[in-house]
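The values are calculated or read from the model by the stated rules, or taken from the named source; none is laboratory data. Note that the structure is a prediction, hence the values are computed from the model and not measured. When we count neighbours, we look across all protein chains shown, and the Cβ atoms used for this are built from the backbone with ideal geometry, even at glycine.
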Amino acid sequence: MLTVGLTGSIAVGKSHVCRVLSEAGLHVLDADQTAREVVAAGTDGLAEIVRNFGDDVLQPDGELDRKKLGAIIFGDPTKRELLNSIVHPRVISAQNDWIEKLEKSDPNGIAVIDAALMIESGGYKRFPEIIVVWCEPEIQLERLMRRDHLSEGEAKQRIAAQMPQEEKMRFADHLIDTSGSLEETRGKVLKLVEHLRELANEKDDN
């Protein structure tokens, strides 16, 4: 099985790229979804967050209050590191379990892990192939403002809080530019799928 890491900055169109990969028959796992699952109510992940950040980060129903936790860690690198040290190992363990099951059910398949912080966390080193999704900065800004109903200043602040796109692109084996239309992006992704299938076949032949 070929395992592929996929990443990119905020509002660059990763979700659309993942949808196309999935429709093309690749197995795609969203790391954000996994991150939510490992800190759901009743998990040891959530219990550890409460131990470190207090009961205030819980909603009345016992689920994590992401806004409150976000406000605590925003602008505080030490607390952000602490949260990452709780969440990341659990996410990686869940991803490994997912890949292991897939290898049994579809040994010749292609598994794609989509994770926004793959490069920052060092998680990219686990994958032989890395896809970085990107778009022109002004398009990213416009998409983020529209998607999250933010002012230009707020959107710029969120973008600035992340690793710059150019830096992420340096880690890429494959780049997908989503600056054009959805259909143009689809075409690029499908071309990449063909290439990944060739790589998967080569791997199986070795």
Which one is surrounded by the fewest Cβ atoms within 10 Å (Cβ to Cβ), of the residues in the stretch 108-130 that are within 19 Å of GLU23 (Cα to Cα) and either touching an Asp or Glu at 6+ places or on another chain (Cβ under 7 Å) or of a type outside the set (A, V, I, L, M, F, W, C) (or both)? ASN108
Residue ID - farthest from GLY187 (Cα to Cα), chosen from residues in the stretch 14-30 that are touching a strand residue (DSSP E or B) at 6+ places or on another chain (Cβ under 8 Å) and either buried (at least 21 other Cβ atoms within 10 Å of the Cβ) or of a type in the set (A, V, I, L, M) (or both): LEU29
In the stretch 165-188, which residue that is more than 17 Å from the chain's Cα centre (by Cα) and touching a residue at least 24 places away in the same chain (Cβ under 8 Å) is nearest to SER9 (Cα to Cα)? SER179
What about GLU198, is it among the charged types (D, E, K, R) and surrounded by fewer than 16 Cβ atoms within 10 Å (Cβ to Cβ)? yes
Output the qualifying pairs, or none if there are none: Cβ atoms under 7 angstrom, residues six or more apart or on different chains, first residue in the stretch 61-89 and in contact (Cβ under 8 Å) with a residue 24 or more places away in the chain, second residue of a type in the set (Ser, Thr, Tyr). ASN84/SER121; HIS88/SER121
Picking from GLU81, GLU48, which residue would you name as being within 19 Å of the chain's Cα centre (by Cα) and not assigned by TED's automatic domain parsing to the domain that holds ARG186? GLU81
